[in-house]
1. Return only the number of the condition from (1) touching a residue at least 12 places away in the same chain (Cβ under 8 Å); (2) part of a strand (DSSP E or B) that HIS83 does not satisfy.
2. With respect to VAL71, determine if the residue is in contact with a Leu (Cβ under 6 Å, 6 or more places away or on another chain) and in contact (Cβ under 8 Å) with a residue 24 or more places away in the chain.
3. When you scan the range 64-73, do you find a residue that is over 14 Å from the mean Cα position of the chain (by Cα) and either among the β-branched types (Val, Ile, Thr) or at positive phi (or both), even just one?
4. Kindly establish whether LEU15 is at pLDDT 95 or above, out of contact with any His (no Cβ under 8 Å at 6 or more places or on another chain) and over 25 Å from ILE108 (Cβ atoms).
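The values are calculated or read from the model by the stated rules, or taken from the named source; none is laboratory data. Every value quoted in this text rests on a predicted model; they were computed, and no experiment measured them. As a convention, Cβ positions derive from the backbone with ideal geometry for all residues, glycine included, and neighbour counts pool all protein chains shown.
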Amino acid sequence: MSVRSALLVFALFALTGCPVKDNALLLEDTLSGYGAAIRWGRMEDALGFVDPETLNKHPVTALDLARYQQVQVSAYSDSPPVHINDNEVSQIVEIGLVNINTQAARSIVDKQRWRYDAKANRWWLVSGLPDITAH
């Protein structure tokens, strides 16, 4: 790429504010932060990523949180996010779990759906926390 072409591309990004790039970086940071919360079993932290509308429709109960305390996450294998449109992505994640009482290991597939909220400038997890009761 010539210097002239590079300057033209830079100028276009500067003029538009490059919202797609910022949004992509924000998505990457969000998915990374959420994945870390799940990997370390910090479900209260993971709840901070869940869309408030989802939490209103499907509140997480004390029993749900107690179930999460009965397992340890042994693996978190995420696939690259798939863009549905500019404001929505989906991601498939395989989560390895070990029951802390029985040491039985199993895995679940978490089909995540994320929505971008332009007003809050953040991504929300619309699909809710992973269902660890699924077999």
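1. (1)
2. yes
3. The answer is yes; a qualifying residue exists.
4. Considered against the rule, which asks whether it is at pLDDT 95 or above, out of contact with any His (no Cβ under 8 Å at 6 or more places or on another chain) and over 25 Å from ILE108 (Cβ atoms), LEU15 comes out as no.
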